[in-house]
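The block underneath contains the structure these notes are about, expressed in structure tokens.
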Ligand SMILES: [Zn+2]
């Protein structure tokens, strides 16, 4: 069982350190990224979601599901202790690179590129990845090259910080149970093979270069450098505000919108009553529009007519206000503790 031992606010988001039975520690667990949450909310809150948003959502969700399945296989291996970071996004030479999994062992560092694909997977003569599913064929970048690029960037970044000597290895792991992997390469494997591959790798790197304390320091340094990808929905996508579904959704029959009655919310469809459902609508607001809201924006988004009611809601939530009376805005971030 994993036990959350430490909760800290890290670049607006919660980072949970999870301790396992041995000295291994997940420094950054697989979590839905901010952009995945944004895309997920758009599926509910946007009328006629454009195909590129549906595709992006599918890709990000698959990546998340793949990463989420990895800790199980990592824990099956009785290896030296290690520190694990999932979905770490670092900046190097003004470019960002992202590693699905980074595992810090005292003898080597391991980058895992996760592929959560189904169907038959092959490499063509040009070394591109081909996915055949039903009658459809899709072409992807070569994942070994993707991982090699991450390795190069990580190596260069670590060298700058004085970590020259620790070797870095890369693996491509296919995590979907329904994958038919037709590639014969020791570093392109399914997750079932991961424990065995790890054992072999650990023997390939016999020298222990960093102590566990040094590794933990390195892990924390890397974690501090993590920068979450942030979609600016209005700029980066073709979101039209007029197509946003506003209102407080009934949790049972969304996207049906609840009505404000006697200081609470009632669903006109199933009659479900709750006083706090606006909190989840406001969390959606954070991901769609950012962490600040004015009284007027709150009325617009929650479909409330009365300024008094809006003031009451803001007051009851105990949100910190900033700005003078005319430009007063409230910081919604504390609501993220009620994460959906
Ligand atoms: Zn309902």
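Coordinate-derived values only; no laboratory data. Because the structure is a prediction, the values reported are computed rather than measured. Note: ideal-geometry Cβ built from the backbone for every residue, glycine included; neighbour counts use all protein chains shown.
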Quick calc: nm separation of the 7 Å Cα→Cβ label points for residue 127 and residue 326 -> 6.3 nm
Any idea what the relative contact order of the chain is, in percent, if you count C-alpha pairs under 8 Å spaced at least 6 apart? 15 percent
Taking only the C-alpha atoms, wrap a convex hull around segment 133-272 and report its volume per residue in Å³ as a whole number. 281 Å³
Exposure proxy check on 145, 74: fewest-to-most Cβ neighbours within 10 Å is 145, 74
Normalised per residue, the volume inside the convex hull of the alpha-carbon atoms of segment 246-338 in Å³ amounts to 91 Å³
Based only on other Cβ atoms within 10 Å, what is the fewest-to-most ordering of 300, 265? 300, 265
How far is helix 34-45 tilted off the main Cα axis of the chain, in degrees rounded to 10, range 0 to 90? 40 degrees
As a check on your grasp of the helix formula, calculate [θ] at 222 nm for the chain: sum -39500 (n - 2.57) over DSSP H runs of n ≥ 4, divide by the residue count, round to the nearest 500. -10500 deg cm²/dmol
Between residue 47 and residue 305, with labels modelled 7 Å along Cα→Cβ, what's the label distance in nm to one decimal, could you check? 2.1 nm
For the chain, take the longest principal axis of its alpha carbons; what is the angle in degrees between that and the long axis of helix 143-160, to the nearest 10 within 0 to 90? 90 degrees
With springs only between Cα atoms under 10 Å apart, run a GNM on the chain and tell me which of 51, 143, 29 wobbles the most. 51
Expressed in nm to one decimal, what extension gain is obtained for the pair residue 338 and residue 232 from 0.36 nm per residue of sequence separation less their Cα-Cα distance? 35.9 nm
Shape call for segment 62-161 from the C-alpha gyration tensor, a ≥ b ≥ c root eigenvalues: rounded (a/c under 1.5), prolate (a/b greater than b/c) or oblate? oblate
May I ask for the angle, rounded to the nearest 10°, between helix 51-75 and the longest principal axis of the chain, with both axes built from Cα atoms and the value confined to 0 to 90°? 50 degrees
Starting from the Cα of residue 185, step 7 Å along the direction of its Cβ; do the same at residue 256; then give the gap between the two resulting points in nm. 5.1 nm
Viscosity 1.567 mPa s, temperature 4 °C: what is the translational diffusion coefficient of the chain from Stokes-Einstein with a Kirkwood Rh over Cα pairs, rounded to a whole number of µm²/s? 57 µm²/s
Listed with the fewest Cβ neighbours within 10 Å leading, 272, 83, 72 appear as 72, 272, 83
Length gained if residue 208 through residue 149 is fully extended, taking 0.36 nm per residue and subtracting the Cα-Cα distance, is 18.8 nm
How much length, in nm to one decimal, is gained on full extension between residue 245 and residue 272, taken as 0.36 nm per residue of separation minus their Cα-Cα distance? 7.7 nm
